[in-house]
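Enquirer: If you scroll down you'll find the structure; I have some questions about it.
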């Protein structure tokens, strides 16, 4: 634990990262950027779990375990998302979210 | 060791998935389409086996719990999946017969169902989260299954991005709950989860993840696009099985951790219910594509389900489960007809259904019963499902909600009857020609019709759930 850094400092960082991700998800048009935004949000959650575990409940282990599972699931999610984005790219030659216009009504 | 048998349903389904992997290797290319029969047969056995009684208890320090109620929720899902598999028989054999990807479809579908089991039986947030992701990530693969179509890939991208962001919001909520209570087990969370500003935010963020799965307004934007772009069996799966599982999980978790927080989530669900019913109905009015139409109709139906959750007692729980079972059968009947017609003729617009009764009277009748049940017209089951939902909401003085619900039922009657009018009254120059379905598809459609009729007339089913719920 670093001297002078409390639980609220790290929570502020993780909250900022979360909302940066959410903002990016709403404003960006490139699908890879959208994925990066989702990753930012998930990583802020992981940070949250570790911080709560370390500062508030040092005797517990659930937060760490949750983080490990979270990282694995996030990796699976990104792999699948990129696979689908590639199959979209093959047909459209674009990964721009604005190009997705064949479904509407 | 005896305890492990509590996970019987999960183990059997996992066994089927592994067995299918072996089958995939053993079958030669010529025999690949036999996978359809093997997978459907295995799942039929699993469904029948699932009705054998199972004990109650918990495993892994409370991570996994099962009671007769959980077990019967899984049975309801099983029956739904079985009907869906029978209805997709022709789709799978004809459309994918000469490709090597047929087995994948069943493996992915069954893993999704496995995820739903864990989601329902979860005793802590970690198990719930893993179940939810297992139930929603593979579906993105199914949505994008039709690799030759741009629409399918586009729907897949939309689904997985929206699923990712909603599960991130939900996880942030869970991390806050962990920070507040210091535990991820529902039983321990319930003890120290009291009303503060932070816990209110945490609970609402957590619920928005489930709201995405149930596609409540304003988390419904993916629904029509994904239903339209995905192959019809997958849209059917999403609107029926996936939604019912998420409803079950939501009500079970709220019953476990929501007791001290009713002042937060009840008003939220109240407004969500009103919004979902109204918006779903109003958008359904102007749809011409059958898949989009059914998508918005399923959004509206989700709003009615929320009424039962709001009641928050045994009767509410019972009416939610009862309505979900009826909804599964009714929607499978309508989607089944849309599916066989889309497969035979490629037509998905409402106008294409003009004069269907003259050429295909049986299909038109199945569709009629399904739509009547969705609309809630008395002789069929849908009426009783809605009736019990309204009653449980009225018992807790949600009169405004009930009035708005009744108005919405009336609106929905109009657009369900539009389809009926097209099939029975309209004439068409080029009606859909008569065609005969293969026997498994016929059984699938017949089973859903039997479900609609029997659940409405046979009251012991309701009483049985009520008896389970009151424990």
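Enquirer: Mind listing whichever residues of the range A:25-36 are under 11 Å from the mean Cα position of the chain (by Cα) and within 8 Å of chain B (Cβ to nearest Cβ)?
Expert: Answer for the range A:25-36, where residues must be under 11 Å from the mean Cα position of the chain (by Cα) and within 8 Å of chain B (Cβ to nearest Cβ): A:25, A:34, A:35.
Enquirer: Tell me whether the range A:89-97 contains one or more residues that are in a loop (DSSP other than H, G, I, E, B), surrounded by fewer than 16 Cβ atoms within 10 Å (Cβ to Cβ), touching a strand residue (DSSP E or B) at 6+ places or on another chain (Cβ under 8 Å) and in contact (Cβ under 8 Å) with a residue 60 or more places away in the chain.
Expert: Narrowing the range A:89-97 to residues in a loop (DSSP other than H, G, I, E, B): A:93-95.
In the following step, the residues that additionally are surrounded by fewer than 16 Cβ atoms within 10 Å (Cβ to Cβ) were identified as A:93-94.
Retained after the next criterion (residues that are touching a strand residue (DSSP E or B) at 6+ places or on another chain (Cβ under 8 Å)): none.
So far as the range A:89-97 goes, no, none of its residues is in a loop (DSSP other than H, G, I, E, B), surrounded by fewer than 16 Cβ atoms within 10 Å (Cβ to Cβ), touching a strand residue (DSSP E or B) at 6+ places or on another chain (Cβ under 8 Å) and in contact (Cβ under 8 Å) with a residue 60 or more places away in the chain.
Enquirer: Can you find a residue in the range B:323-335 that is over 17 Å from the mean Cα position of the chain (by Cα), at pLDDT 90 or above and in a helix (DSSP H, G or I)?
Expert: From the range B:323-335, those over 17 Å from the mean Cα position of the chain (by Cα) are none; that's our starting set.
No - not one qualifying residue is present in the range B:323-335.
Enquirer: Test each condition in (1) more than 15 Å from residue B:242 (Cα to Cα); (2) touching a strand residue (DSSP E or B) at 6+ places or on another chain (Cβ under 9 Å); (3) crowded, with 22+ Cβ neighbours inside 10 Å for residue B:132 and report the one that comes out false.
Expert: Tallying (1) more than 15 Å from residue B:242 (Cα to Cα); (2) touching a strand residue (DSSP E or B) at 6+ places or on another chain (Cβ under 9 Å); (3) crowded, with 22+ Cβ neighbours inside 10 Å, residue B:132 fails exactly one: (1).
Enquirer: Is it fair to say residue A:99 is more than 20 Å from the chain's Cα centre (by Cα) and either modelled with pLDDT under 90 or within 8 Å of chain B (Cβ to nearest Cβ) (or both)? Walk me through it before giving the result.
Expert: On the way: more than 20 Å from the chain's Cα centre (by Cα): yes; either modelled with pLDDT under 90 or within 8 Å of chain B (Cβ to nearest Cβ) (or both): yes.
When the stated conditions are applied, residue A:99 passes them.
Enquirer: Of the conditions (1) within 22 Å of the chain's Cα centre (by Cα); (2) at the interface with chain A (Cβ under 7 Å from one of its Cβ atoms); (3) in contact (Cβ under 8 Å) with a residue 12 or more places away in the chain, residue B:145 fails just one. Which one is it?
Expert: The failed condition is (2).
Enquirer: Out of B:250, B:261, I need the residue that is within 18 Å of residue B:305 (Cβ to Cβ) and assigned to a helix (DSSP H, G or I). Which one? Before the answer, list the steps.
Expert: Numbers: B:261 fails: within 18 Å of residue B:305 (Cβ to Cβ).
Residue meeting the stated conditions: B:250.
Enquirer: Right, next: Quick check on my filter: what residues within the range B:111-129 are in a helix (DSSP H, G or I) and farther than 23 Å from residue B:43 by Cα?
Expert: First, the residues of the range B:111-129 that are in a helix (DSSP H, G or I): B:111-121, B:125-129.
Selection gives B:125, B:126, B:127, B:128, B:129.
Enquirer: Just to verify a result, which residue in the range B:201-250, among those that are within 13 Å of chain A (Cβ to nearest Cβ) and out of contact with any helix residue (DSSP H, G or I) (no Cβ under 6 Å at 6 or more places or on another chain), is farthest from residue B:168 (Cα to Cα)?
Expert: B:221
Enquirer: Examine the range B:224-235 for a residue that is touching a strand residue (DSSP E or B) at 6+ places or on another chain (Cβ under 7 Å) and under 17 Å from residue B:348 (Cβ atoms), and state whether such a residue exists.
Expert: Pass one, the range B:224-235, residues touching a strand residue (DSSP E or B) at 6+ places or on another chain (Cβ under 7 Å): B:228.
Filter once more, keeping what is under 17 Å from residue B:348 (Cβ atoms): B:228.
Yes, the range B:224-235 contains at least one residue that is touching a strand residue (DSSP E or B) at 6+ places or on another chain (Cβ under 7 Å) and under 17 Å from residue B:348 (Cβ atoms).
Enquirer: Against the conditions (1) over 22 Å from residue B:329 (Cα atoms); (2) assigned to a helix (DSSP H, G or I); (3) within 14 Å of another protein chain (Cβ to nearest Cβ), where does residue B:291 fall short? Just the number, please.
Expert: (1)
Enquirer: When the residues of the range B:52-71 are filtered to those that are assigned to a loop (DSSP other than H, G, I, E, B) and loosely packed, with under 13 Cβ neighbours inside 10 Å, which remaining residue is modelled with the highest pLDDT?
Expert: First, pick out the residues of the range B:52-71 that are assigned to a loop (DSSP other than H, G, I, E, B): B:52-56, B:63, B:67.
Subset that is loosely packed, with under 13 Cβ neighbours inside 10 Å: B:52-53.
Details: B:52: 87, B:53: 84.
Out of the qualifying residues, it is B:52.
The values are calculated or read from the model by the stated rules, or taken from the named source; none is laboratory data. Everything numeric here is computed off the predicted structure, so don't read it as measured data. Backbone-built Cβ (ideal geometry, glycine too); neighbour counts: all protein chains shown.
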